[in-house]
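Below is one structure, written out as structure tokens; the observations come after it.
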Amino acid sequence: MSDPVWAIAIHGGAGPAHKSDYSDETKHMRNVIEDAKQALIAGESAINVIQTAVRSLEESGHHIAGRGSSPNKDGKWELDAAIMDGVTREAGAVGALRGFKSPIDCARTVLAESPHLFLVGKGATRFLKKRKLERVQNPSRYYKPAIDLPIETGALQHGTVGAVALDSDGRLAAATSTGGLLNKQPGRIGDTPLIGAGTWADERVAVSCTGQGEYFIRCAAAADLSARIRYKKSDLTDAAACVLEDISYLGGQGGLIAIDRLGRVTMPFNTISMKRAFATWRGDLEVKVF
């Protein structure tokens with residue numbers, strides 16, 4: 001009997017290289033991917049595995065997501081996240097969220113307990129504060145921005161974390177979380193929580209995107225990747241490359257991670273770096289930045 005097919009991929013954002021030594025980030029990502037690997041081997045569901053992986057990336061403070069997020073122009077932290085179950089296409093998303101430690105846990109709560117798919121701002125806060133979710137009591141002390149660089153005029157400096165997985169029962173799932181653009185306008189929401197733009201999972205593929213969200217929205221990037229597989233019969237690598245080519249054509253930068261129903265993995269990007277890692281049932285395990 002052959003071994004059950006499973007695969008997991010994670011990312012910590014695509015963009016310029018802000019430093020030369022990423023050893024702390026890669027060490028943590030290796031731990032995350034190892035834990036996810038063991039969970040999938042044990043038969044855990046894809047959606048639970050990716051939620052745990054993204055929560056760990058949020059908590060680490062190594063990325064522009066969760067604890068590592070930066071404040072907006074008003075000095076407030078507004079975070080976005082989404083999670084999607086490829087089996088049912090049920091999803092949960094939050095945008096411009098304030099005061100919760102794990103946006104991905106909030107997104108999963110929306111999926112599980114709300115009749116609506118996407119909640120933002122004060123409405124999201126009212127809904128979520130009735131649930132048992134960890135709160136941030138003192139934002140200026142809790143958040144430790146992973147990047148704190150001068151903002152160039154017109155530059156879209158960004159960061160995101162995400163995970164995609166295929167479990168041994170053939171279920172796909174995707175999750176993405178972000179602090180958004182550095183120094184962003186209050187109320188700005190990027191592609192991360194927009195189902196079909198920054199996050200997507202169905203019976204064919206699971207996708208999590210990272211980069212300049214406005215361009216990923218304009219390309220409906222994550223859902224387009226699945227559509228290319230469905231209608232053009234493209235393989236995973238070609239479909240992902242074409243999506244990224246479309247984003248590049250518009251002048252956008254970023255990357256994505258994707259896994260298909262056969263356990264194939266692709267992680268393309270058009271930036272200098274993308275923190276990324278993957279593991280599969282074949283014994284593959286890689287963690288890379290450049």
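Just so it is clear, none of the values below were taken in a lab; they were calculated from the coordinates. What you see is a predicted model; the values in this text were computed from it and never measured. All Cβ positions, glycine included, derive from the backbone under ideal geometry; neighbour counts span all protein chains shown.
Taking 20 °C and 1.002 mPa s as conditions, the chain diffuses translationally at an estimated 118 µm²/s according to Stokes-Einstein applied to its Kirkwood radius (Cα pairs).
When its C-alpha radius of gyration is set against 2.2 N^0.38 Å (N residues), the range 132-279 gives a value of 1.09. Using alpha carbons only, the radius of gyration of the range 190-265 set against its Kirkwood radius gives Rg/Rh = 0.93.
In terms of surrounding Cβ atoms within a 10 Å radius of their Cβ, CYS209, CYS242, CYS106, CYS219 rank from fewest to most as CYS242, CYS219, CYS106, CYS209.
Among residues other than VAL120 with Cβ under 12 Å from its Cβ, the summed charge is +2 (Lys and Arg +1, Asp and Glu -1). Listed by chain and number, the aspartates and glutamates placed with their C-alpha closer than 13 angstrom to that of LYS232 are ASP224; residues fewer than eight positions away on the same chain are left out. Please report the relative contact order for the range 161-290, taking Cα pairs under 8 Å with a sequence separation of at least 6, and give it as a percent rounded to a whole number. Worked out over the range 161-290, it gives 20 percent.
Relative contact order of the chain: 26 percent, from C-alpha pairs under 8 Å at least 6 residues apart in sequence. Put simply, the amide H of LYS101, placed in the peptide plane, has neighbours under 5 Å in GLU134, ARG135, VAL136, leaving out anything fewer than 5 places away on its chain.
Of the peptides 73-81, 159-167, the order by per-residue mean of other Cβ atoms within 10 Å, starting with the highest, comes out as 159-167, 73-81. Treating r as the C-beta distance of GLU113 and ASP24 and R0 as 25 Å, the FRET efficiency rounds to 0.10. Backbone N atoms of the range 96-121 closer than 11 Å to the 7 Å Cα→Cβ label point of TYR142 belong to residues 98-103. Between ALA239, ALA107, ALA91, the Gaussian network model of the chain with springs among Cα atoms under 10 angstrom shows the greatest mean-square fluctuation at ALA239. Cross-link pairs exceeding 30 Å in C-alpha to C-alpha distance, out of LYS37/LYS184; LYS73/LYS122; LYS73/LYS129; LYS129/LYS275; LYS76/LYS132; LYS27/LYS233, comprise LYS37/LYS184; LYS129/LYS275; LYS27/LYS233.
Stretching the chain fully between ASP235 and LYS73 yields a gain of 54.1 nm (0.36 nm per residue, less the alpha carbon separation).
When the helices of the chain are scored as -39500 (n - 2.57) per DSSP H run of n ≥ 4 and the total is divided over every residue, the value at 222 nm lands at -9500 deg cm²/dmol. Length available on full extension from ASP169 to GLU245: 0.36 nm per residue minus the Cα-Cα distance, which gives 24.1 nm. Sequentially through the range 208-213, phi angles give Karplus couplings (6.51, -1.76, 1.60; θ = phi - 60°) of 10, 9, 8, x, 7, x Hz, Gly and Pro residues having no value and appearing as x.
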